[in-house]
1. Show that you can apply the helix-only estimate: for the chain, add -39,500 (n - 2.57) for every DSSP H stretch of four or more residues, divide by all residues, and state [θ] at 222 nm to the nearest 500.
2. Identify unpaired cysteines across the chain, taking unpaired to mean no other cysteine Cβ lies under 4.7 Å from the residue's Cβ.
3. Among Tyr236, Tyr172, which comes first, second and so on when ranked by fewest other beta-carbon atoms within 10 Å?
4. Anything over 26 Å Cα to Cα? Flag those among Lys60/Lys270; Lys212/Lys242; Lys24/Lys88; Lys201/Lys298; Lys60/Lys82; Lys15/Lys60, in the order listed.
5. If I model a spin label at Ala225 and Leu185 as a point 7 Å from the Cα along the Cα→Cβ vector, what separation in nanometres do I get?
6. Along the Cα-to-C-beta direction of Ile75, a point sits 7 Å from the Cα; which residues of segment 172-200 have their amide N less than 14 Å from that point?
7. Please state the charge dipole magnitude for segment 7-86, taken about the Cα centre, from unit charges on C-beta atoms (+1 on K and R, -1 on D and E), reported in debye and rounded to the nearest 20.
8. Can you give the direction-averaged projected area of the convex hull of the alpha-carbon atoms in segment 2-72, in nm²?
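Read-outs: derived from the displayed coordinates by stated rules, not from any lab. What you see is a predicted model; the values in this text were computed from it and never measured. Backbone-built Cβ (ideal geometry, glycine too); neighbour counts: all protein chains shown.
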Amino acid sequence: MNQQKTISEIISLWKTDKKQYVKKSSFSAYMLLLENHLIPAFGSKYEVDEIEVQAFVLQKIEHGLSQKTVKDILIVLKMVIKFGAKNKWLNYQPFDIQFPTERTRQNIEVLSRTHQKKMMQYIQEHFTFRNLGVYICLCTGMRIGEVCALSWEDIDTDNGIINIRRTIQRIYIIEGDIRKTEVILDTPKTKNSIREVPMNKDLLKMLKPIKKIVNPSFYVLTNDAKPTEPRTYRTYYKNLMKELDMPELKFHGLRHSFATRCIESKCDYKTVSVLLGHSNISTTLNLYVHPNLEQKKKAIDQMFKGLK
């Protein structure tokens, strides 16, 4: 065993090592979890045992963190501890953490068909480049960072396809004592997020004449060489919803609305998953595929029909 180090000392060495291998945005996410949760809880310790981690998990959930966030924190903790064990600075005993049973299913918020039609019609009649971004999201299910990073060269009106290859996001930077945020243009969330999405006829009709006269290197939302960032665009969207007397819906609700309309139209789940850029089909199924009462009754009737 090398000389023992505290978790804080191991984190410091792990950060230097990890920075070489991960995307800037992933590294930024790790730093936030370390600084806000792991260093305050375990930084001064030389060992971390299962009982302490279990207590930490329950405390975080009690304080209102989602299970997903707590699981993300545990992933980072395990990476740090394994790194420490590999370098013989501490002992690592794998821990088996229990999570309370989640009894409620989170409802996905979407636009009703009526509100979606109203919004799309309004944008067709009141064209601006910023309004166009909302219309594109409703027609393609793009994430806010992806539409902010969309340039005119990504839009192929000859083949009726939008190529999604980049995303814009604001990340948190920690350099020594300096804390700041920075806007970065990067590849999307996962390799599946780099995708082609076909345009429907109305969207194509709207974009074809514009594409002929714009600078291909300009960003779609600004029609300028400088993009807008998600935080600014989110505010614009919020004001647009208010102006149209629409229900309050997060921007991500446009993506949920697109996916929900696809499922309602009996699209196959694999295709919906690919269109959304999900890393696997189970994400799509868990989020959007929930049989209604009519479908449940039909399944029961079919089963008993087979028994006769």
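1. On the way: 14 runs with 158 residues, N = 308.
-15500 deg cm²/dmol, from helical runs alone.
2. For the chain, the answer is Cys137, Cys139, Cys148, because their Cβ atoms have no other cysteine Cβ under 4.7 Å.
3. On the way: Tyr236 17, Tyr172 14.
Result, fewest neighbours first: Tyr172, Tyr236.
4. Lys60/Lys270; Lys212/Lys242; Lys24/Lys88; Lys201/Lys298
5. For the pair Ala225/Leu185, the computed spacing is 1.1 nm.
6. 189-191
7. Computed about the Cα centre, the dipole is about 500 debye.
8. Across all orientations, segment 2-72 yields a mean hull projection of 5.5 nm².
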